[in-house]
1. Mind checking which residues of the stretch 1-27 are assigned to a loop (DSSP other than H, G, I, E, B), in contact (Cβ under 8 Å) with a residue 60 or more places away in the chain and near ligand 1 (Cβ under 8 Å from one of its atoms)?
2. From the residues in the stretch 82-100 that are under 17 Å from residue 124 (Cα atoms) and in contact with a helix residue (DSSP H, G or I) (Cβ under 7 Å, 6 or more places away or on another chain), which one is farthest from ligand 1 (Cβ to nearest atom)?
3. Can you spot a residue in the stretch 92-104 that is within 16 Å of ligand 2 (Cβ to nearest atom), free of Cβ contacts under 8 Å to residues at least 12 places away in the same chain, surrounded by fewer than 23 Cβ atoms within 10 Å (Cβ to Cβ) and not in a helix (DSSP H, G or I)?
4. So residue 32 ticks every box in (1) touching a helix residue (DSSP H, G or I) at 6+ places or on another chain (Cβ under 7 Å); (2) closer than 22 Å to residue 152 by Cβ; (3) without any contact (Cβ under 8 Å) to a residue 40 or more places away in the chain; (4) assigned to a loop (DSSP other than H, G, I, E, B) but one. Which box is left unticked?
5. Considering only residues that are part of a loop (DSSP other than H, G, I, E, B) and at pLDDT 95 or above, which ones fall in the stretch 132-156?
6. Select the helices (runs of 4 or more DSSP H) contained entirely in the stretch 172-289, then report the ones holding at least 1 residues which are closer than 16 Å to residue 137 by Cβ.
7. Hey, residue 30 hits all of (1) within 12 Å of residue 184 (Cα to Cα); (2) surrounded by fewer than 14 Cβ atoms within 10 Å (Cβ to Cβ) but one; which does it fall short on?
Ligand SMILES: Cc1cc2nc3c(=O)[nH]c(=O)nc-3n(C[C@H](O)[C@H](O)[C@H](O)COP(=O)(O)OP(=O)(O)OC[C@H]3O[C@@H](n4cnc5c(N)ncnc54)[C@H](O)[C@@H]3O)c2cc1C
Ligand code: SF4
């Protein structure tokens, strides 16, 4: 493995301590990448070293992309959000307990099997997109998906953030040594509102069991644009394009927001996440309205 970048270090240093990361480190502290700039089309370019706290609290970003700001403000703790960066939150490694334990090998450590499949536990995925059964860890990725964010990478052409997460075998598709330099977001939509909610097993400082984020734009009593994504349910962050389509063009209502997800749970242990996700989706749409 080539050297691994260190941004805020909140994920990397934990893996160093557990022996899961062992090679050289390139510290990004002096690399800049901290600016937030308007783009010619009216969107924004956010440097990879901008902190998660800035995503959550910057008033311009909060007005432009409320779903992103609410999501960023919900994760971990204030201390971690001040250290964690856009690059790190999008490219952090899985929280799977086997992966985090150096005594196990699996598909994500260069091994061949997945020990979690035989003992998934209540935190595993609901939807088996395969081969990994640990939910994708990034909350902020969900918001980036529903804003159609684009990732700027130093050694290859820019690509949609969604394309970084198209393989359930990997946490993201950046190659070793590739540097994420910035995220660009399209122009904000006037009048958009947003909701974010997570189900979590303790008050804070924990990844959620499930989470949902949504934005809605309503004009003349009709939803003209919707973005909905759910986390904690699959090995990739999940945008619900079908739900977005069902909402668009309709007048908002409680019935419309009450979604029945046509999912089959991969494991009995995680079947509880289906009604949980349905409730979270209803709640974030109601918040957004
Ligand atoms: C108690 C706790 C609770 C948490 N809860 C949540 C949660 O609910 N939701 C959530 O999303 N996260 C959660 N997190 C994770 C946290 O958001 C991440 O640890 C953090 O965002 C990582 O950012 P960082 O800048 O510290 O990354 P680092 O630890 O520095 O890096 C993480 C990884 O990204 C790579 N990387 C970083 N920047 C770049 C770049 N520019 N280009 C290429 N590679 C790069 C690094 O090489 C490394 O592999 C939690 C963390 C803790 C400790
Ligand atoms: S769930 Fe994913 S990270 Fe965990 S053991 Fe299986 S392949 Fe590895």
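The values are calculated or read from the model by the stated rules, or taken from the named source; none is laboratory data. On a predicted model such as this, the values are computed, not experimentally measured, just so you know. With ideal geometry, Cβ positions are generated from the backbone for all residues, glycine too; neighbour counts draw on all protein chains shown.
1. Across the stretch 1-27, the qualifying residues are 7, 8, 9, 10, 11.
2. Once the filter is applied, the top-ranked residue is 98.
3. Yes: the stretch 92-104 contains one or more residues that are within 16 Å of ligand 2 (Cβ to nearest atom), free of Cβ contacts under 8 Å to residues at least 12 places away in the same chain, surrounded by fewer than 23 Cβ atoms within 10 Å (Cβ to Cβ) and not in a helix (DSSP H, G or I).
4. Status for residue 32: all satisfied but (1).
5. Answer for the stretch 132-156, where residues must be part of a loop (DSSP other than H, G, I, E, B) and at pLDDT 95 or above: 132, 133, 134, 135, 136, 137, 138, 147, 148, 149, 154.
6. 273-288
7. (1)
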